[in-house]
Amino acid sequence: MTPIEKAKQQVEQAKARYQALLARQNAEERKLDTRRKVILGGLLIGAAGKDERFGRVIDELMKRITRDHDHKAFEGWQKPEPDRS
């Protein structure tokens, strides 16, 4: 293998390592973003069970759902109502 071929092979390997690192970083960012959304959603649902203002926020957010696939996730779901006692 000539020095140029060897250098070219090293460059290609470096590019592959770089792409793998980018893919791993993007996957971690998506995972963290999903976790944040789950946590915030749980907090919002919990708050709706204590304060009707948050229930109204959920109502407004539900109106913004446009995809049928997303609507199906909420079939049969009832938002918690605040305890009025």
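The values are calculated or read from the model by the stated rules, or taken from the named source; none is laboratory data. For clarity, every value in this text was computed on a predicted model and none was experimentally measured. A quick note on method: Cβ atoms are made from the backbone with ideal geometry, for glycine too, and the neighbour counts reach across all protein chains shown. All accessible areas refer to the heavy atoms of the entire protein, side chains included, with ligands and DNA or RNA removed. Shrake-Rupley method; radii C 1.70, N 1.55, O 1.52, S 1.80 Å.
So, of the residues in segment 49-85 that are of a type in the set (K, R) and part of a loop (DSSP other than H, G, I, E, B), which turns out to be surrounded by the most Cβ atoms within 10 Å (Cβ to Cβ)?
Applying the first criterion (of a type in the set (K, R)) to segment 49-85 yields 50, 53, 56, 63-64, 67, 72, 79, 84.
Add one more test, that the residue is part of a loop (DSSP other than H, G, I, E, B), and what stays is 50, 64, 67, 79, 84.
Numbers: K50: 12, R64: 7, R67: 8, K79: 15, R84: 5.
Here the answer is K79.
Residue check: is L43 of a type outside the set (D, E, K, R), open to solvent by 100 Å² or more (accessible area, probe 1.4 Å) and free of Cβ contacts under 8 Å to residues at least 60 places away in the same chain?
Numbers: of a type outside the set (D, E, K, R): yes; open to solvent by 100 Å² or more (accessible area, probe 1.4 Å): yes; free of Cβ contacts under 8 Å to residues at least 60 places away in the same chain: yes.
Spelling it out, L43 is indeed of a type outside the set (D, E, K, R), open to solvent by 100 Å² or more (accessible area, probe 1.4 Å) and free of Cβ contacts under 8 Å to residues at least 60 places away in the same chain.
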